[in-house]
Amino acid sequence: MKLIYEKSSPGRPGVQMSSIKISPTEVIPAKYLRSKPAELPEVSEAEVVRHFTALSRLNFSVDTHFYPLGSCTMKYNPKACEAAANLPALTDIHPLWPQLRGGGLLTQGSLGILYNTERLLSEITGLDEFTLQPMAGAHGELTGVMIMAAYHKDRGNTQKDHIIIPDSAHGTNPASAQLAGYNVVTIPSDAKGMIDFDLFKAALNERTAGVMMTCPNTLGVFETRIQEICDAVHEVDGLMYYDGANFNAIMGRYRPGDMGFDICHLNLHKSFATPHGGGGPGAGPVGVVEKLRPYLPISRVVKTNDGTFTLNYDAPKSIGYIAPFYGNFGVIVRAYAYLISLGREGLLGTSNRAVLNANYLQEKLRPLFGAEYKGRCMHEFVFSGQCLAKHGLHTLDLAKGMIDRGIHPPTVYFPLNVPEAIMVEPTETEDRDTLDNFVKVMEELMDLAKTDPDALHHAPVTTPVGRLDEVKAARDMRLSYT
Ligand SMILES: *Cc1c(COP(=O)(O)O)cnc(C)c1O
C-alpha cells in the first residue's frame with residue numbers, strides 16, 4: 001500500500017513539513033471530487049462568534065459556575081494542559097504516519113508521550129503495565145473484565161461465572177460485567193456505607209471470577225477491609241478490579257497495586273485535566289499486574305534497544321483491539337501535561353484538598369440535613385433531602401432552587417440506596433469563599449422551604465425556559481430561546 005501521508009498533508013504553520021506538497025487528484029479518486037463549490041453559509045466572523053458565545057452562555061460550566069456534581073468530578077482543568085493538547089505538532093499528526101522515516105523521528109514524540117504516560121500511571125497506581133486505549137471509564141471496565149475473562153480461560157478456570165459488585169458501585173460496573181458475559185452478584189452496603197463483609201464472604205466461592213470495588217466508593221466512603229477482601233478473592237484465584245474513577249481522592253497517598261488489586265481503570269476525564277461531561281472525548285486507561293500483561297489489548301508502545309519507540313502487535317494472548325489506534329490522544333496529552341506539571345507533591349496536594357473541601361462542606365451542611373454516613377468522607381458525600389417532605393418538597397425542588405442562585409445542582413437521586421439522595425463533590429479546585437457561598441445558598445433554600453415552599457416548586461425562574469417539563473423535553477427537543 002502506498003502511504004498517502006508521504007506526499008500529502010500541507011500541515012499548519014508551525015509544523016515542519018515544507019518538503020510535502022499535495023494535489024487532491026493524486027490522492028482522491030476523481031469521482032469523489034466536487035464539481036462545484038460547496039454551498040456554505042455566508043456569515044461574518046462577528047456573527048459566528050456571537051452565535052457560539054450565545055450558545056455557550058445557555059450552559060452552566062466549570063468556567064462560569066460552581067459545579068459540585070457528585071461522582072462526576074467537575075473540577076477546573078488548567079488551561080495549560082489544554083494548550084499542550086493543542087500544539088500543532090501534536091494535532092497535525094496522523095496515526096497512520098510511519099513511526100520512523102528515513103532516519104527521521106516522525107511520530108517518536110507522540111509515541112514517547114504515550115509510553116511515558118503509561119509509566120507515570122503505573123507509578124501512581126502501583127500496577128505493572130498500562131493500556132491507554134479505552135475511551136471512557138465504562139470502556140476501561142469492559143476492557144478490564146475482558147482481561148479477567150481471558151486470564152480465566154487461559155488458566156482453564158471454566159467454572160468462573162460471576163463477578164461480585166457492591167450495591168454502591170457506579171451503574172457501569174454491573175453493565176460491564178454483564179457485557180463481558182458474567183452474571184453479577186450484588187452485595188448490599190452496611191450501615192457505614194461499606195460492602196457488607198459477611199454477605200460478601202457468603203457470596204464468594206470457586207465460581208467467583210472477580211470482585212469490582214470502588215474505593216473510596218460512590219458514597220464517598222473508604223472501604224476498610226480491602227486487604228481481607230483481596231486475600232479471600234485471591235484464594236479462589238479470583239481477580240480484584242479497582243474502579244479508579246474517584247482517583248482524585250487518593251492520588252499520591254496510596255496505590256491500588258499495593259493494596260492487592262490486579263486491574264484498575266482511571267478516568268483521565270475526571271481526575272487528570274480533561275473536562276468531563278457534554279459527551280466529549282474521554283479516556284479510561286487500564287492498568288494490570290504482571291501476570292495479566294499478556295492479555296492487554298494491542299497494539300503496545302514499546303521502547304527498543306536504541307531508545308526509539310515502536311508499536312508491537314505480537315501478543316498472541318491479547319484480547320485484541322478495543323479501540324482504533326491508540327485511544328483518545330488529546331486526552332492523554334492533557335493527562336501527561338497535568339502529571340508532569342504537578343509532580344508527586346502536587347498530586348498529593350490535590351487529593352488532600354479534594355478530601356479537605358468535601359469534609360469542610362459535609363460538616364457545614366450536617367446541621368441542615370444530617371449526613372447519611374457519620375464519619376469523615378473522602379472526596380464526596382451524600383445526604384438525604386427527606387427532611388424536605390414535611391414542607392411538601394423534594395430534593396429536585398432544592399436542586400432547581402440552586403440554579404437560580406448560580407450553582408449547578410449536585411447529583412440527585414443517586415446513589416440509589418439513599419432515598420432523596422443529594423451527592424456533593426466540591427473538588428480540589430474550589431476555594432473557601434466558593435464553599436462558604438454554597439453553604440449560605442443551602443441555608444437560604446432551607447429557610448425558603450419553611451416560609452414559602454411554593455416558590456421552590458416553581459424554580460428555576462431565572463433560566464430561559466423555567467422549570468423544565470422533563471417528559472416534553474425528552475419528546476420534543478425543539479425549544480426556542482427568544
Ligand atoms: C464516572 C464513573 C464511571 C464511568 O466512567 P465513564 O467515563 O462515564 O464511562 C465508573 N465508575 C465510577 C465510580 C465513576 O464515577
Report task. Return a yes/no flag: does the stretch 274-289 have any residue that is of a type in the set (V, I, T) and in contact with a Lys or Arg (Cβ under 8 Å, 6 or more places away or on another chain). Result -> yes
Query raised in the report: Mind checking which residues of the stretch 256-274 are outside any helix (DSSP H, G or I), buried (at least 19 other Cβ atoms within 10 Å of the Cβ) and not hydrophobic (A, V, I, L, M, F, W, C)?
Result: D262, H265, N267, T274
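Looking only at the stretch 447-474, how many residues end up being in a helix (DSSP H, G or I) and either charged (D, E, K, R) or over 32 Å from the mean Cα position of the chain (by Cα) (or both)?
13
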**Report entry** Tally of residues being touching a residue at least 40 places away in the same chain (Cβ under 8 Å) and out of contact with any helix residue (DSSP H, G or I) (no Cβ under 8 Å at 6 or more places or on another chain) across the stretch 251-277
**Finding:** 2
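Is it true that G307 is among the small types (G, A, S) and at positive phi? Can you show your working first?
On the way: among the small types (G, A, S): yes; at positive phi: yes.
Yes; evaluated as a whole, the condition is true for this residue.
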Report summary line: When M240 is run through (1) more than 15 Å from V184 (Cα to Cα); (2) within 16 Å of the ligand (Cβ to nearest atom); (3) not polar (S, T, N, Q), the failure sits at (1)
Query raised in the report: Just one of the numbered conditions (1) modelled with pLDDT of 95 or more; (2) open to solvent by less than 30 Å² (accessible area, probe 1.4 Å) is not true of E430; which one?
Result: (2)
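Picking from R225, R155, which residue would you name as being basic (K, R), in contact with a helix residue (DSSP H, G or I) (Cβ under 9 Å, 6 or more places away or on another chain) and away from the ligand (no atom under 16 Å from the Cβ)? Give the steps one after another, and end with the answer.
Working: R155 fails: in contact with a helix residue (DSSP H, G or I) (Cβ under 9 Å, 6 or more places away or on another chain).
From the options R225, R155, the qualifying one is R225.
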Query raised in the report: If you go through the stretch 132-146, how many residues are more than 15 Å from L292 (Cβ to Cβ), out of contact with any Asp or Glu (no Cβ under 8 Å at 6 or more places or on another chain) and within 8 Å of the ligand (Cβ to nearest atom)?
Result: 3
Query raised in the report: Among the residues of the stretch 291-311, is there at least one that is assigned by TED's automatic domain parsing to the domain that holds R155, surrounded by fewer than 20 Cβ atoms within 10 Å (Cβ to Cβ) and touching a Gly at 6+ places or on another chain (Cβ under 8 Å)?
Result: yes
Report summary line: Per the filter on the stretch 158-194, residues within 16 Å of the ligand (Cβ to nearest atom), at pLDDT below 95 and more than 22 Å from the chain's Cα centre (by Cα) are S189, G193, M194
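The values are calculated or read from the model by the stated rules, or taken from the named source; none is laboratory data. The structure displayed is predicted, hence computed values, not measured ones. Cβ coordinates were reconstructed from backbone atoms using ideal geometry, including for glycine residues, and neighbour counts include every protein chain displayed. The protein model used for the area step is the full one, side chains on, heavy atoms only, and it has no ligands, DNA or RNA in it. Shrake-Rupley method; radii C 1.70, N 1.55, O 1.52, S 1.80 Å.
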